[in-house]
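Here is the structure we will look at.
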Amino acid sequence: MRDIFLGNKEAKVTNIPRFQPELAFPKLNEGMIDRIRRFGEIEYRTKGERLFSQGERDTDLFVVLSGSIELFATDQGGERLYPVHMEQGQFTGELDLLSSRSALLSAECGSDSLLIRVNREGLRMLMRSEADIANLIMQASMWRRLQFLGKTDGGVLVIGPSRHADVMQICRFLTQNSYPHRVVASESIESLQYRDKGEHPVVPTVILADRQPLKAPSLLTLAEALGLAEEPRQDIVYDLVVVGAGPSGLAAAVYGASEGLRTLVVEGIGPGGQAGTSSRIENYLGFPTGISGEELAYRAQVQAQKFGAKLTIARDAIGVRKRNNDLCITLTGGFEVCAHSIVIATGASYRKLDAENYAAFENRGIHYAATAMEANLCRGTAVAVIGGGNSAGQAAVFLAGITKHVHLIVRRDSLRDTMSEYLISRIRASDSITLHTCSEVTRLDGTHDLEDITLTNKNTQETRRILTRNLFVMIGADPNTAWLRDCVDLDRKGFVLTGGEHGFEPTRYATSMKGVYAVGDVRSDSVKRVASAVGEGSVVISDIHRFLAAEVPERDATAN
Ligand code: NAP
C-alpha cells in the first residue's frame, strides 16, 4: 500500500491561523494567582506524578506555584509528542477544559511542585466571576487546540481513498469538531489492509491514539470512542434545547447560556451548519478580511461553552412530544431530552442536480462544499461550479486562487439578480473564472471517477464538454424539517412557519407549538444570511425569557 499523507499536516490551503506560543502558554500574574486560590486547593505533588491522562474526562485545572508540569500527547506508537514545560504562573488545560470531552493531553509533574488544583465546579465559578482570567484561560485553550490541529500527530488516522464519501464524511466530522486527524490515503480499496469478517476491505478504518482500529464507524461510534460525545442529561429539564449548531443555533446558545438559561445544543454532526462549509465569509460584520465558516463556528462554540452551554454531537433530533408541561425531543440512539422551551435551528441541506449519470458520481467528484479540504483535492486542475447565488460565487472566487481554472455555470443570462455585487466584480476581474450563462449541466461522464461534464445551452440547445474531475454543486438548499412533520406547521416547501397567525404567540419566531421557536434558514421567510441567522438566534432569547417567566415561573433560575 502506498501511503499519501493528506489532511491538515500537509495541507497548504488551511483555515488554521499561524500558531502563536505566547497566546497558547501565557503566564498568570501574581494578582491573578491570588484570586485563583479562592476557587481551588493547594496541593504538593512529587516529580513524575501523573495529574491527568489523555482520554480522561472532566480534568481539573492546575496552576503551577512552584516546580513544573509537563504537558504532552501520545501517538499511536506510544511516543510522547509536543512536550510543553510549564513553570510558575502557567496552567494546564486545553479546549476540553470548557466541556466534558476527553482530554487530548496528559500532564505530569516535571519536578516536585506546589500547585493550585481547581475542580470543574471551582472552574465554573472562576470563569463567571473573574473575566480577565477567564479570557486568558479561554484564549490559551483555543490556541493549544489550534496547535494540535496544525500538527495532527496526536490525533487519529483515517485510512481509505481520500475521495471516498465515507472518508470525507469522517474528515468533515473531525474537522467540524476540531479533532486532529490525518488521512492515510490508499490508492485503491482492494489494497486496504483492514478487512471485515468476510475478508472484504473496510472503508474507512480509523486508528485511535491507543492503536485501536475502528472499522467503518458510525459518527456516533467515533464520537464515543474519541470522547467527543457529551451525553445529554435525562434527569433534568433544560430551560432551553437548541436543535442545530449553525450560526443561528450557536447564537441562541451563547445568548441563552450567558443570560442564565440552562442550555443544551443538539447537533447531528458538528458545529457550523451550512455556513461552516463556507471558505470565507467576507461581508460578516466585524471581520474586514473575512472569516471562514469553520473558524466562525469554532469560535461561537467555544463562546457558548464558556457561558455553560452543553453541546451534544452525532445525535440527530427525530421528533418532539409534549410531556405534561415539558417538551421532549427524541434523539437517535434512544435518548430523550426534555426542556421548557425549544429553538429549532436545523437549517437546510444541499440540493442535488437533475442530470444524466449524476447519482453515479456522487462521492466520485461531486462536492457540496468548497472548504480547504475539497480545495486540496483539486489543486492545479480545472473545476466546475454550478449556481448563481452567493454560495457559488464565494466558491468560484475561493477556488480560482487554488485551482487551474473555474467554470461557473448558471441557468440565467447573468448573475445580477442572484449574487452580491462584490462577488460579481471579483468574478469579472478574474482571468481564472469563465462564466457560462444560460447553461445547464445535463450529463456527467467518467470511467470510475468523474472525468467530464456536458453543458447544454438553454436557448440554442448546443452542447459542449468540459473536462473536470471536480464539480461543485451550489444550487441552494431544502429545509431540514422531516423530523418536525406533524409537530409544527410548515409551509409548502417545508420551512417552519412562525409569527403572526402561525405562531402560538404573536412574536416573530414562535411556531404553532407552544414553547417551540424557529430561527435561521429553517424558518419560512427568513433572510438567508449568516448575520441575520445570528441576529435571529440572539433575539429569540428575549421571547424565551418572557415565555419562561409567564409559563414556568417556578423554574430554578440559578441551576445553569
Ligand atoms: P440561492 O441564493 O438560493 O441560489 C441558488 C442558485 O442555484 C440560483 O442561482 C439558482 O438558479 C441555482 N439553481 C437552483 N437550482 C438549480 C438547478 N437545478 N440547476 C442549476 N442551477 C440551479 O442559494 P445559495 O447560493 O446557496 O445561498 C443561499 C442563501 O445563503 C442566499 O440567501 C445567500 O445570499 C446566502 N448566502 C450568503 C452568503 C453571504 O452572506 N456572503 C454566502 C453564501 C450564501 P436560478 O436563479 O436559475 O433558479
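Taking amide hydrogens as modeled 1.01 Å from N in the peptide plane, which residues meet the under 5 Å criterion relative to residue 430, leaving out close sequence neighbours?
For residue 430, no residues qualify.
Expressed in whole Å with the largest first, what are the equivalent ellipsoid semi-axes of the chain derived from the C-alpha gyration tensor as the square root of 5 times each eigenvalue?
Listed largest to smallest, the semi-axes of the chain are 40, 32, 22 Å.
So what is the accessible area of segment 11-147 per residue, in Å², with the probe set to 1.4 Å?
Spelled out: the 1.4 Å probe surface of segment 11-147, per residue, equals 43 Å².
Specify which residue in the list 206, 470, 110 is farthest towards the positive end of the charge dipole of the chain, using unit charges on the beta carbon of Lys, Arg (+1) and Asp, Glu (-1), about the Cα centre.
470
Of all DSSP beta bridges located in segment 130-288, what percent are antiparallel, nearest 5?
45
Quote the accessible area belonging to residue 172 in square angstrom, nearest 10, computed with a 1.4 Å probe and with ligands, DNA and RNA left uncounted.
Surface open to solvent at residue 172 totals about 80 Å².
Which of 341, 377, 290 sits farthest toward the positive end of the charge dipole of segment 264-397, with +1 on the Cβ of Lys and Arg and -1 on the Cβ of Asp and Glu?
Most positive-ward Cα: 341.
Counting helices only, and only those DSSP H runs with n ≥ 4, report the 222 nm mean residue ellipticity of the chain as the sum of -39,500 (n - 2.57) divided by its residues, in deg cm²/dmol to the nearest 500.
-7500 deg cm²/dmol
Treat each spin label as a single point 7 Å out from the Cα along the C-beta direction, and report the residue 166 to residue 428 distance in nm.
4.9
What is the set of long-range amide H partners of residue 205 at a cut-off below 5 Å, with H atoms built 1.01 Å from backbone N?
Correct list: 159, 216.
How far is helix 530-551 tilted, in degrees, relative to the longest principal axis of the Cα atoms in the chain, given as a value from 0 to 90 rounded to the nearest 10?
50
Considering amide H positions built from the backbone, and no H for Pro or chain starts, which residues 5 or more places from residue 181, or on another chain, come under 5 Å of its amide H?
Correct list: 8, 156.
Applying 1/(1 + (r/R0)^6) with R0 = 56 Å to the Cβ-Cβ distance of residue 132 and residue 461, what FRET efficiency is obtained, to the nearest 0.05?
0.25
With a 1.4 Å probe and every protein chain left in place, work out the accessible area per residue of segment 201-315 in Å², rounded to a whole number.
34
Would you mind counting up the charge near residue 291? Only other residues with Cβ under 10 Å from its Cβ, with Lys and Arg at +1 and Asp and Glu at -1.
-1
Give me the 1.4 Å probe accessible area per residue for segment 442-556, excluding ligands and nucleic acids, in Å².
I get 50 Å² per residue for segment 442-556.
In debye, nearest 20, what is the charge dipole magnitude of segment 349-418 about its Cα centre with +1 on Lys and Arg Cβ and -1 on Asp and Glu Cβ, if you could check?
That gives segment 349-418 a dipole magnitude of about 120 debye.
May I ask what percent, to the nearest 5, of DSSP beta bridges between residues of the chain are antiparallel?
60
Could you tell me what percent of the accessible area of the chain is made up of carbon and sulfur, with a 1.4 Å probe and every protein chain present?
That share works out to 48 percent.
Summing +1 for each Lys or Arg and -1 for each Asp or Glu, what net charge is found among the other residues whose Cβ lies under 12 Å from the Cβ of residue 403?
+2
Between helix 165-176 and the chain, what is the angle of the helix's C-alpha long axis to the longest principal axis, kept within 0 to 90° and rounded to the nearest 10?
40
With all protein chains present and a 1.4 Å probe, how do 493, 310 order by accessible area, largest first?
493, 310
As I understand it, the value is the acute angle between the Cα axis of helix 247-258 and the longest principal axis of the Cα atoms of the chain; what does it come to in degrees, rounded to 10?
Here the helix axis deviates by roughly 20 degrees.
Compute the separation of the alpha-carbon centres of segment 516-539 and segment 20-69 and state it in Å as a whole number.
When both Cα centres are located, 41 Å separates them.
For residue 27, go through the lysines and keep the ones whose alpha-carbon is under 28 Å away, minus same-chain ones fewer than eight residues off.
Filter leaves 47, 151, 306.
With every protein chain left in place and a probe of 1.4 Å, what is the accessible surface of residue 328, to the nearest 10 Å²?
About 0 Å², rounded to the nearest 10.
Local charge sum around residue 502 (other residues, Cβ-Cβ under 14 Å, Lys/Arg +1, Asp/Glu -1)?
-1
Please report how far the C-alpha centroid of segment 474-503 lies from that of segment 294-314, rounded to the nearest whole angstrom.
Taking the Cα centre of segment 294-314 as reference, the centre of segment 474-503 is 25 Å away.
Return a whole-number percent for the relative contact order of segment 62-162, with Cα pairs under 8 Å and 6 or more residues apart as the contact set.
Normalised by residue count, the contact order of segment 62-162 is 32 percent.
Considering only 217, 389, 255, whose Cα is most displaced toward the positive end of the charge dipole of the chain, charges sitting on Cβ of Lys, Arg (+1) and Asp, Glu (-1)?
Positive-most Cα among the choices belongs to 389.
Determine how large the accessible area of residue 143 is when every protein chain is in place; take a 1.4 Å probe and give Å² rounded to the nearest 10.
40
In whole percent, what relative contact order does segment 228-386 give with Cα contacts below 8 Å and a gap of six or more residues?
28
Counting only DSSP beta bridges with both residues in segment 157-233, tell me the antiparallel percent, nearest 5.
DSSP beta bridges in segment 157-233 are roughly 70 percent antiparallel.
Could you give the dipole magnitude of the chain about its Cα centre, charging the beta-carbon of Lys and Arg +1 and that of Asp and Glu -1, in debye to the nearest 20?
In total the dipole reaches around 820 debye.
What number, in percent, do you get for the relative contact order of the chain if the mean sequence gap of Cα pairs under 8 Å and at least 6 apart is divided by its residue count?
12
Would you mind getting the Kirkwood hydrodynamic radius of segment 9-119 from its Cα pairs, rounded to one decimal in Å?
When all Cα pairs of segment 9-119 are included, the Kirkwood radius is 14.9 Å.
Just how large is the dipole of segment 145-299 about the Cα centre, in debye to the nearest 20, putting +1 at every Lys and Arg Cβ and -1 at every Asp and Glu Cβ?
Roughly 280 debye for segment 145-299.
The values are calculated or read from the model by the stated rules, or taken from the named source; none is laboratory data. All figures in this text were calculated on a predicted structure; none of them were measured in a lab. Please note: Cβ atoms are built from the backbone with ideal geometry, for glycine as well, and neighbour counts cover all protein chains shown. Surface areas here come from the heavy atoms of the whole protein model, side chains and all, with no ligands, DNA or RNA. Shrake-Rupley method; radii C 1.70, N 1.55, O 1.52, S 1.80 Å.
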